[in-house]
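In what follows, a single structure is set out as structure tokens and then discussed.
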């Protein structure tokens with residue numbers, strides 16, 4: 001991609017995210033979201049493949065609809081209450097509109113249909129940006145207005161996201177789509193707890209970003225786009241495949257890895273608030289996700305087709321060592337003992 | 001006067017419907033013109049005549065003219081006009097959706113006529129829209145820079161999307 005265009009897009013992404021996250025006025029929050037949408041469109045479509053163009057257009061249409069709904073929500077709230085403060089969203093219609101708009105922006109069920117296709121149409125790095133950075137402003141807006149939102153609606157969105165994310169991920173063979181459905185189910189967990197303890201939502205999002213960045217960077221490094229490529233990638237980078245297995249199990253939420261921390265704290269908080277059926281349901285539904293994470297982990301380390309079992313690693317490799325991947329994978333495997341410290345940070 | 005404003009509102013919705021019923025751009029731009037002219041009339045009724053003038057000049061006189069010129073370069077051999085069944089179907093469908101939405105959403109309480117706006121009060125000796133534009137350049141300069149960058153970004157994004165492709169459109173290869 002043209003370096004000047006890439007620079008403008010990247011700087012606009014940073015600017016848009018900062019504007020939305022630091023704003024107290026709805027107009028400025030909306031402006032930041034629009035700048036983000038516009039800036040990432042050329043990044044999605046940079047390969048000019050038909051699939052990438054289609055992904056860019058789908059992304060643009062859904063995000064613009066959601067931005068318009070955010071604008072309508074803030075306008076109706078300003079009309080009835082006379083102020084534009086994000087934390088003072090008192091009109092019930094505005095709260096409903098905002099919840100639906102953020103659901104479209106994040107890719108929560110039933111507005112999740114665009115997300116796997118957009119991720120599949122973009123490159124691995126752009127998919128990483130779409131899963132982590134572009135989710136940060138909407139979650140910030142939800143965090144700031146969480147005290148006025150409808151608990152029943154949010155719990156419904158959460159449980160259905162965990163259900164659909166786990167269930168539809170089962171049939172996927174493309175790694176970007178698997179990570180898309182993993183994102184949908186993790187977002188379900190984040191939304192389940194936002195009424196009761198919004199700081200746990202932020203903690204879950206931060207840890208999810210850490211783990212999914214690890215996965216995306218590892219997959220970019222070995223250029224694995226589908227499961228069949230994953231089967232033979234161990235010969236090139238055996239150590240990376242081993243850490244990728246642990247990172248996948250961490251994403252699945254198994255103790256003693258990092259991914260267990262958000263699930264543990266969320267279940268604890270939900271139970272303390274008397275929402276035990278919700279906690280049980282959402283935990284059982286994440287078992288669906290565990291299956292495809294296990295399948296990915298199995299493919300990355302244990303399968304050995306069509307070679308014999310004493311086949312050796314390729315003796316000539318040109319993969320330079322990647323420091324960020326190493327640091328992030330260490331963090332995404334071993335942060336669980338530091339739960340008390342991390343809980344105080346958020 | 002009140003009924004004239006309601007009539008302007010109905011014309012605005014018809015103009016938006018004309019754009020959204022997906023005819024070819026040559027016929028859709030008629031809807032855009034109608035909607036923006038009527039929207040300017042609405043703004044004048046609210047009292048913000050400067051904003052209305054700015055919208056008329058920049059939107060109709062600048063954007064729409066440029067749009068018409070660029071659309072005339074990307075010609076369609078068989079454009080969908082108003083009489084096509086697909087366009088009529090879209091129109092009826094949108095009218096139905098709006099009717100259901102208004103009835104179910106119980107939005108009748110928002111149909112108050114006679115919106116009260118405060119034009120100038122206290123230390124504001126000029127009308128609301130003029131002083132607003134002046135504040136845009138003095139204490140609101142951050143928002144001016146952000147909005148200006150957003151508009152410039154649209155230009156760069158569009159240029160990047162169509163760079164190097166034939167006929168200057170966002171086509172799938």
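The values are calculated or read from the model by the stated rules, or taken from the named source; none is laboratory data. In this text the structure is predicted, and so the values were computed from the model without any measurement. Here the Cβ is made from the backbone with ideal geometry for all residues, glycine too, and neighbour counts use every protein chain on show.
Odds and ends about this structure:
- Hits in the stretch B:45-66 (condition: surrounded by 15 or more Cβ atoms within 10 Å (Cβ to Cβ) and in a helix (DSSP H, G or I)): B:45, B:46, B:49, B:50, B:51, B:52, B:54, B:55, B:56, B:59, B:60, B:64
- Residues (buried (at least 16 other Cβ atoms within 10 Å of the Cβ), over 22 Å from residue A:142 (Cβ atoms) and either more than 7 Å from chain B (Cβ to nearest Cβ) or over 21 Å from the mean Cα position of the chain (by Cα) (or both)) located in the stretch A:36-47: A:43, A:44, A:46
- Test result for residue A:33, closer than 24 Å to residue A:208 by Cβ and away from chain B (no Cβ under 14 Å): no
- Within the stretch A:209-240, the residues that satisfy the criterion of being in a helix (DSSP H, G or I) and free of Cβ contacts under 8 Å to residues at least 60 places away in the same chain are A:215, A:228, A:229, A:239.
- Selection count where residues are surrounded by 19 or more Cβ atoms within 10 Å (Cβ to Cβ) and under 30 Å from residue A:322 (Cα atoms), scope the stretch A:246-268: 15
- One residue alone among A:65, A:125, A:155, A:76 is in the same structural domain as residue A:278 (by TED's automatic domain parsing), in contact with a helix residue (DSSP H, G or I) (Cβ under 8 Å, 6 or more places away or on another chain) and either part of a helix (DSSP H, G or I) or within 17 Å of residue A:41 (Cβ to Cβ) (or both), and that residue is A:155.
- Taking the numbered list (1) modelled with pLDDT under 95; (2) closer than 18 Å to residue A:251 by Cβ in turn, residue A:303 passes all entries but (2).
Results for (1) at pLDDT 70 or above; (2) more than 12 Å from chain A (Cβ to nearest Cβ); (3) at positive phi, shown as yes or no for each residue.
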{"position": "B:82", "(1), (2), (3)": "no, yes, no"}
{"position": "B:100", "(1), (2), (3)": "yes, yes, no"}
{"position": "B:115", "(1), (2), (3)": "no, no, no"}
{"position": "B:130", "(1), (2), (3)": "yes, yes, no"}
{"position": "B:145", "(1), (2), (3)": "yes, no, no"}
{"position": "B:155", "(1), (2), (3)": "yes, no, no"}
{"position": "B:162", "(1), (2), (3)": "yes, no, no"}
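- Qualifying residue in the stretch A:332-346 (condition: at pLDDT below 90, assigned by TED's automatic domain parsing to the domain that holds residue A:205, within 30 Å of residue A:196 (Cβ to Cβ) and surrounded by 13 or more Cβ atoms within 10 Å (Cβ to Cβ)): yes
- Qualifying positions in the stretch A:269-295 - loosely packed, with under 15 Cβ neighbours inside 10 Å and assigned to a helix (DSSP H, G or I): A:271, A:272, A:276, A:277, A:280, A:284, A:287, A:291
- Taking the stretch A:8-30 as the range and being more than 10 Å from every other protein chain (Cβ to nearest Cβ), more than 12 Å from residue B:150 (Cα to Cα) and in a helix (DSSP H, G or I) as the test, the residues that pass are A:10, A:14, A:17, A:18, A:20, A:21, A:26, A:29.
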